[in-house]
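What follows is a set of notes on a single structure, which appears directly below.
The values are calculated or read from the model by the stated rules, or taken from the named source; none is laboratory data. What you are looking at is a predicted structure, and each value in this text was computed from that prediction instead of being measured. Glycine gets a Cβ as well: all are built from the backbone with ideal geometry, and neighbour counts include every protein chain shown. SASA here: full protein model, heavy atoms, side chains in, ligands and nucleic acids out. Shrake-Rupley method; radii C 1.70, N 1.55, O 1.52, S 1.80 Å.
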Amino acid sequence: MTARTLFEKIWADHVIVVSPQGEELLYVDFNLINEGQSFLAFDQLRMEGRSSRRPQQHLAVTDHYLPTINRDRGTAGMANPEIRRVVEMLDENATEFKLPHIGWGHLDQGIAHVIAPELGIAQPGMLITCNDSHTATNGACGVLAIPIGGGNQLRHVVATQTVWLKKPKTMRFTVDGVRPEAVTAKDVILSIIREIGVGGATGYAIEYAGAAIRAMSMESRLTICNMSIEGGARIGMVGPDDTTYQFLNGRRKAPQGADWDRALTYWKTLPTDADAAFDRELSFDAARFAPMVTWGTSPEDCSPVDGVVPDPSSIGDGDRRRHVERALDYMKLKPATPLQQVAIDRVFIGSCTNSRIEDLRVAAAVVKGRRVARNVKLALVVPGSGLVKEQAEREGLDRIFRDAGFEWREPGCSMCLGMNPDRLSAGERCASTSNRNFEGRQGPGGRTHLVSPAMAAAAAIEGHFVDIRRWT
Amino acid sequence: MDKFTVLNGLVAPIDRANVDTDQIIPKQYLASIKRTGFGEGLFAEWRKDASFVLNQSRYKGATILLGRKNFGCGSSREHAPWALMDYGFRSVIAPSFADIFFNNSFKNGFLPVVLSEAEVDRLFHECNAFPGFRLVIDLERQTVASTDGALTMHFDIDPFRKYCLLNGLDEIGLTLRHADKIRAFEARRKAQHPWYF
């Protein structure tokens, strides 16, 4: 048999039919559903009198719209009637279509892409879909995890347990070398996106490989795969290895006993064969990476923290120059300003990129015994799930954050996307551990700087960005 | 999706070119969090005018819309065919359509019929002259005819789209033609990898 990549093996394992137009009908092992837009799919299913074909292979999770305060008051605590309605609708739709649902009052509630790995739902070899562009996060578990649209595509998955897709090309990012201390997974993926550009991987399924990826924890790999879409790829994966198996073993939905042994035998056949070919390959040296800060309005607009805001007049490419000019105007930054002099108004530690226990431990270690700077109006820590929150509280991290002046919130997408009440006001500048710094992403007129949890925590203490490598 | 075979319906004429999706369903109605109910917003701005076609009693209950060229241009919102259908229309006849609206219509079981400018002119004339003017759209025969059969026009349609409409097959319906293969795949996967289920 010809040598195949991880992606090719899992894709081939799920093909049911190939259409004359070249699209392939793939089997969906598991589908996650959030409240954003999914009501459109359910409304139409209802009109058509259709039901869910395999209800147990779905999990509805409320995360996007859900406020991170007043949970004890239930939906009555949600002041905005539209938000309340969207949250209630997912609950009603899940009940009507008999789909398991982790709603606002559930102990496991959190961000879909944090929950799926931590409950052991995301297992190597699976095909998982979700109506969210950051679905590739789950790819860190050796899963073919694919984002789908919240209207027609979701409706199709619920009714048929399948999805029509065109096979993407394959691409491998090999990251070798040893990461310097204080350089996190977030800095690695931002550095890669800076190099390839936000459209650099469009049309490809990425596999992240190499010694630096192998050395990473599952939490770090989840952060890496999470931002595949910011490089243009809908799919990002890491081959399963001992780190993956140890992470999964004993989790609630992971196989047990004889099933575990059988699963493990199969999972070990999945990693990319030694001589398998990719359509594109790129290599990176982790030793060269530094802590990153975005200064613009696209994730590729980032520089090492000891750098300066770029000067658009020095950029040769016309389109790029105009983009940078516009971005600096929006971000209200002057060329050549050292990034460490940029003062911030708010700090957000959370999102499907950086809200796992490892992220919170790192941030807590930075703020321990210190105080949030006076010029920082609000510093938020939003754990990715109820289980992360519980673990953090067991370790006393919530106390460390609160003592430092942070707010410790209930799990959800929070300030990542400006759909719930956690938003920036116009003109406010935020050090954020989320994944997108588009204009208005965190609220109309808000200015987002993407950073790692350690960098966000240090910025909260100093009131401006600092080089975490030299900060004590 | 409902099958579309023969439609015998009252015709409502909208005598304007370039009717855009912002007029078909103004954006303030998109915020509605139900897919049903968009009919309320159909041509909402124009309906504020008492003399607008849809406010005239002679067109009450119309199921066929008669339009001019480039019908459905503008924003790609899928709400446009939803709103037309929710209001009660099943088909629109015009000399040309905007691409996205045209595609969205088929996906939702709504038939856009292309006739020549001269034929459409003729229909506008008939419609204005005779209150209660009806047309019969026969998809199988690809004809638009007056109820007495005196006037018959032929239209073209992509064979695959025709097949889907005649059989009421949307994307889900098409996939479910492979239901046996899906079931067989599932049974095989469950036997090989039971822990995924």
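Couple of notes before you dig in:
- Peptide B:177-187 - average C-beta neighbours from other chains (10 Å radius): 4
- Tilt relative to chain B, helix B:179-192 - C-alpha long axis, 0 to 90 degrees, to 10: 30 degrees
- Linear extension gain, A:Lys334 paired with A:Met47, 0.36 nm per residue minus alpha-carbon span: 97.9 nm
- Nitroxide proxy distance, nm - points 7 Å out along Cα→Cβ at B:Ser75 and A:Lys253: 3.5 nm
- Taking all Cα pairs closer than 8 Å and separated by 6 or more residues, the relative contact order of the stretch B:6-169 comes to 25 percent.
- Annotation: average projected area of the protein assembly as shown is 32.2 square nanometres, based on the convex hull of Cα atoms across all directions.
- Our note on the geometry: Cα centres of the stretch A:369-448 and the stretch A:136-210, 25 Å apart.
- FRET E, pair A:Arg370, A:Thr202, Förster distance 45 Å, beta-carbon r, rounded to 0.05: 0.60
- Here each label is just a point 7 Å from Cα along the line to Cβ, and for B:Ser116 and B:Thr5 those points are 3.2 nm apart.
- Student exercise, chain B dipole from Lys, Arg, Asp, Glu Cβ charges, in Debye to nearest 20: 780 debye
- Based on C-alpha pairs under 8 angstrom that are at least 6 apart in sequence, chain A has a relative contact order of 17 percent.
- With contacts taken as Cα pairs under 8 Å at a separation of at least 6 residues, the stretch A:110-195 carries a relative contact order of 18 percent.
- Distance-filtered residues of the stretch A:224-256 - backbone nitrogen under 19 Å, label point 7 angstrom along A:Val178 Cα→Cβ: none
- Computed log₁₀ I(q)/I(0) - Debye formula, equal Cα scatterers, no solvent, chain B, q 0.17, 0.18, 0.19 Å⁻¹: -1.12, -1.24, -1.37
- Efficiency of FRET between B:Thr152 and B:Ala129 - r from beta-carbon atoms, R0 30 angstrom, step 0.05: 0.95
- Chain A: calculated mean residue ellipticity at 222 nm from DSSP helix runs of at least 4, using -39500 (n - 2.57): -9000 deg cm²/dmol
- Annotation: A:Glu82 carries an accessible surface of approximately 90 Å², with a 1.4 Å probe and no ligand, DNA or RNA atoms counted.
- With the simple model of a label 7 Å out from the Cα in the direction of the Cβ, B:Ala187 to A:Ala277 spans 3.9 nm.
- Long-range Cα-Cα pairs in the stretch A:345-391 (distance over 15 Å), rounded percent: 47 percent
- Surrounding net charge for A:Met415, when Lys and Arg each add one and Asp and Glu each subtract one, Cβ distance under 10 Å: +3
- Among A:Trp164, A:Trp260, the sequence by solvent-accessible area, most first, with a 1.4 Å probe is A:Trp164, A:Trp260.
- Of all the options B:Gly61, B:Gly173, B:Gly109, the one that moves most in a Gaussian network model of chain B with Cα springs shorter than 10 angstrom is B:Gly173.
- Modelled FRET efficiency - R0 41 Å, A:Ser19 with B:Ala17, Cβ distances, 0.05 increments: 0.65
- Cross-link reach is defined here as a Cα-Cα straight distance under 29 Å, omitting same-chain residues fewer than 8 places apart; for B:Lys3 the lysines meeting it are A:Lys98, A:Lys166, B:Lys34, B:Lys60, B:Lys69, B:Lys107, B:Lys162, B:Lys181.
- Entry note, chain B: the mean residue ellipticity at 222 nm calculated from DSSP H runs of n ≥ 4, each adding -39500 (n - 2.57), is -9500 deg cm²/dmol after division by the residues and rounding to the nearest 500.
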